[in-house]
Every structure is written in C-alpha cells, then in structure tokens.
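Working notes, beginning with the structure itself.
The values are calculated or read from the model by the stated rules, or taken from the named source; none is laboratory data. In this text, all values refer to a predicted model and were calculated from it rather than measured experimentally. Ideal geometry is used to build each Cβ from the backbone, glycine not excepted, and the neighbour counts take in all protein chains shown. Surface areas here come from the heavy atoms of the whole protein model, side chains and all, with no ligands, DNA or RNA. Shrake-Rupley method; radii C 1.70, N 1.55, O 1.52, S 1.80 Å.
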Amino acid sequence: MSSKSMLTIENVAAAIVGIDNKVPLLNGNAVRYINFDNASSTPTLRPVLETLNAFMEWYSNIHRGTGFKSQLSTFYFDLGREIVAKFFNVNSKDHLVIFGKNGTEAINKLAHRVPLPEDSLVLVSKMEHHSNDLPWRFRKPVVHIDVDNMGRLDWNDYARKLEQYKGKVGMVAITGASNVTGYINDIYAIAELAHEYGAKVMIDAAQLAPHRSIDIKPTGHPQHLDFLAFSAHKIYAPFGLGVLIADRDTFKEGDPDIVGGGTVALVSEDYAYWTDAPEKEEAGTPNIVGAIALAKALQAITEIGLNNIAEHETKLTRYALNKLRSIPDIIIYGSVDEEEADQRLGVISFNVQNKPHGLVSAILNYEGGVGVRNGCFCAHPYVKSLLGVTVEETKVLEEKILMHDRSTVPGAVRMSFGMYNSKEEIDSFAEVLQRIVNNEYKGKYEQYTKTGEYKPVGFEMNFHKYFEL
Ligand SMILES: Cc1ncc(COP(=O)(O)O)c(C=O)c1O
C-alpha cells in the first residue's frame, strides 16, 4: 500500500509494520503472526515509521539550539504537542500537555505534584491497573470503589463513598476502560458526580484512548476531565512516550518531581527559579522522536476515524465472544453478552478449564503463532476477585511468590484487539484453542518454577534468524 493512500479501517492492516511476518512453530512450519496483545502494546503504523525516517534526517535537540535543525525539531516538537491537545479537544489556554516516559510515569507525576488538601483522600476503583493505584497510595490514603460480581464499576458504591467521605475526596482516579475485562467506564458521569462533591477527576486513558474518542470538555463544564494520562505505545507509536494532560494551574506552585536542565528559568549557586510548565515538568532532553511519532499516529487515527475503529473492533469482539462461547470448557471473565460488545473494548480474558493459563498461552504461541498475554495483567486485586481467589489462598500464594515460586500463580489468558485485526485471525486462534481443549496439542511442555512460564521441551527459538543487532 502506498504511504500516500488515505488510511481507512479497511486498508489499515496493510499499514501495520510487520503485519505479514512469519513466526516459527513447534512443528517446523512458519505462520503469519497473529497479534492479539494490543492492550499491552500496539505495533507501529507505517506512516509513523516513514515520518520518523524522514524526521531523523533533520533531528536535533530542541529549544535553545540556534541551528536550523534545532529550530526545525523545536517547531515540530511543539506542533506535536498541539496535535495531541487537539486530539482530546484540549483548550491550550486552560490545559497543559506534558510528555514523559510512559503512562505510569504520567500518573506518578500527577500523584506527586497535584495540590490536594491536607486531610484529603483519593478514591480509586478496584478495577485499576497498578499504575493508577500504587502512585496514589504513596501520596494520600486511598479508598477503593467496589466492582460488582461481574467486575463492573459499582456505581452505587461510588456514589456511597463520595457521600461517606464528603468534603474529603480530593481526587477520583479511575480508568477509562479495564485492561482485563475491557469494560468502558462512563467517564463523563464519573467526572460530573466527582465535581458535585468538589473532587477532581483523573482518567487513566491508557486503554480507552486508542479505541474511543475522548473529549476533555472545557474547564468549568460539569463533565470536564481535569486530568488524563495515556501511553503512545498503546496507540500505534511505540517510541517511548507517556502523556499527562492537566489543568494549567496544577503545576504553578511547587517543585518539579525531577529537577535539572530544562526545568529552570535561572540558577545561582544557592537557588533556582523554575520555568513555566510544561518545560518545568519535563526535566532533561525530552523524547522528541516519541512526540513526533505520537502526533503522526494520532493524525492517522483521526484519518481512519475513531468511530470506524470502534465499530470494527466491536464486530471483532462480538465475533470472538461467540466463538469462545462455542468452545466447551472456556471460562470468560466479565461480560459475555454480545449485545454489550459496543460498550466494551476488544479485551477478553479467559481460562480453559483445568489448564494453567501459562500453558494455554504457550501453546497458542508455539502451535498457532498467536501472541496473547497471561497472568494478572498488572491488576492483581481485580483479577483475584474475578477468579474468586480467597484470602486464605492468597496467603499461601504470596508465601510461594516471595520464595520465587510462581508455578501456581492464578491468572487468565488475555486476547486484545487492535484496529487492524480480522475475523480470519479469530478463526485461526479459535482453531488452536479448540485443539488445546481437545488435548490435541503436540508439544510436551515444561514449566519453569521461577517465572511460571511454560516452554516446549527440546525446542529452541533462534532469534538471530529474524533480527540482528
Ligand atoms: C489501564 C492501564 N493503565 C496504565 C498502564 C501503564 O501504561 P505504561 O505501560 O505506558 O506505563 C497500562 C498498561 O498496560 C494500562 O493498561
């Protein structure tokens, strides 16, 4: 496909870097790789790679460089920030776009820096990724909002906790969508209620942003999203960048969490005056290449249309749920209702009855060339509740893990779709899964106690055949 063609949901697969790469199987064959691990990271879009290739000819460090290349790089870095702002309908008068390392760093920065009243607390849901839970625990007491028995955010508990801690809730930090069950939270309703109680709201959009359009809404609007964080590597620009969008006032006062070059207006031998945010909050040389890549990826996604992406991924999700339900012995966590497929992301976590999740995912790879993920997906409390792991079981497991034995760690297998995946890929995946359920897989798999991983006995992967450094 020519890089100049208009990108559409129909032709986007051809614009995915590495889409036709074949990977080795246990039986000696090679098959086209099926990537169902998009919730973890998405591959690169070819227009992004082409843009970077062109940009590298002009690359230089930014801001105070006087040379042409430095001025050009500065111009496009700043434009990149504007493109990110526009994607979320951010009004740059009221808001800042701050670049960092990844989504986790963006949330950590906010948790460190956001002004919160002395005796306030933070409400966090029980469906959070650890990256939107642990940073808050280091800042303020955290109270968790329950999920219901299907793993959905328990709205009544949210309303109850806001009332119970009235006047004390400084921040409500909630994910836009779960990286385990794919549930999408009603972020605008969450924001509206939080604001009624005088709390700010922070949306972890790492999962939501690549799949649904998000509008920050103007400051003062009841549904305004005060803070938003997301990762470039989950939105087709895996070049190491995380973004925090924040109300401009947030960083006016206080010291940056990391200090050094770029953060200052002036420095004497005894004191320093900080410059204005966002530079104040981006110590050192920023990830210029990552910012250009992200901006290009967001332009490409805008061209394809998030509505078209959502519609395509909903069809895939519906199709996959239907397939999974037709295979006996599959346990799906969260909603299995195909009618609700448009209210969730294409993230499906499941187990095969009586088969360890590590074994299932290994067979999918070694005998099907399908890339998934297994374990607890950095959401231990949520996954344990979905799996029904008891407190007693947790105690035993924790002791084993602390003794470096991960052989019985509970978890699930997660498949997650991107805009370029297809029904044919789901068919191939379902065919391997059916073989696993029927015990018709070929390899003899051995588990490594320390990591919990399964590998086929007598099979070595020769990575040098595929890539050299
Ligand atoms: C919901 C959610 N939040 C935060 C993160 C962390 O993002 P990053 O890996 O960019 O630090 C992830 C990553 O999987 C995630 O799924």
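Details
- Förster-model FRET efficiency, 25 Å R0, HIS144 and ILE258, C-beta, rounded to 0.05: 0.30
- In this label model, GLU431 and ARG248 are separated by 5.8 nm, measuring between points 7 Å along each Cα→Cβ vector.
- Euclidean distance between Cα centres, the range 349-391 to the range 422-469, Å: 14 Å
- Values of log10 I(q)/I(0) for the range 222-372 across q = 0.09, 0.16, 0.18 Å⁻¹ run -0.53, -1.04, -1.15, by the Debye formula with one identical scatterer at each alpha carbon and no solvent.
- Accessible area expressed per residue, the range 229-329, with surrounding protein chains retained (probe 1.4 Å, Å²): 44 Å²
- DSSP beta bridges confined to the chain are antiparallel in about 65 percent of cases.
- Net lengthening on full extension, ASN438/PHE68 (0.36 nm per residue, minus Cα-Cα): 126.8 nm
- The residues of the range 2-86 expose on average 55 square angstrom of accessible surface per residue, using a 1.4 Å probe on protein heavy atoms.
- Part-to-part distance (alpha-carbon centres) for the range 152-221 and the range 20-50, which is given in Å: 34 Å
- Rg and Dmax of the range 150-277, both derived from C-alpha coordinates alone, stand at 17.6, 59 Å.
- Sites matching trypsin sites (Lys or Arg not before Pro) across the range 149-234 that sit in DSSP coil, with at most 13 neighbouring C-beta atoms within 10 Å: LYS166
- Eigen-decomposition of the gyration tensor built on the alpha-carbon atoms of the range 1-146 gives equivalent ellipsoid semi-axes of 35, 28, 15 angstrom, largest listed first.
- Taking every Cα-Cα distance in the range 310-398 and sorting them into 10 Å bins starting at zero, the pair-distance distribution P(r) comes out as 14, 42, 35, 9, 0 percent.
- Percent carbon-and-sulfur accessible area, the range 334-469, ignoring ligands, DNA and RNA, probe 1.4 Å: 52 percent
- The share of Cα pairs per 10 Å bin across the range 159-225, counted from zero up to the longest distance, runs 22, 50, 26, 2 percent.
- Oblate is the label for the range 342-469, because a/c, from the alpha-carbon gyration tensor with a ≥ b ≥ c as root eigenvalues, is 1.5 or above and a/b does not exceed b/c.
- Over 13 Å [Cα-Cα, the range 400-452], rounded percent: 73 percent
- The simple spin-label model puts a point 7 Å past each Cα toward its Cβ; for LEU79 and ILE332 those points are separated by 4.5 nm.
- Cα-based equivalent ellipsoid of the range 97-191: semi-axis lengths in Å, sorted from largest, via gyration tensor: 20, 18, 11
- Cα-based helix-to-principal-axis angle, 423-437 vs the chain, degrees rounded to 10: 50 degrees
- Accessible surface of the range 54-125, 1.4 Å probe, proportion on carbon and sulfur as whole %: 55 percent
- Where labels lie 7 Å past Cα in the beta-carbon direction, separation of ALA13 and GLU340 in nm: 2.9 nm
- Three principal axis lengths of the chain [C-alpha, angstrom, descending]: 69, 57, 44
- Per-peptide average of other Cβ atoms within 10 Å, ordering 310-318, 66-74, 331-339 highest first: 310-318, 331-339, 66-74
- Full-stretch length increase - ASP405, ASN308 - with 0.36 nm per residue and alpha-carbon distance subtracted: 30.4 nm
- Carbon/sulfur fraction of accessible area - the range 128-242, other protein chains in place, 1.4 Å, %: 52 percent
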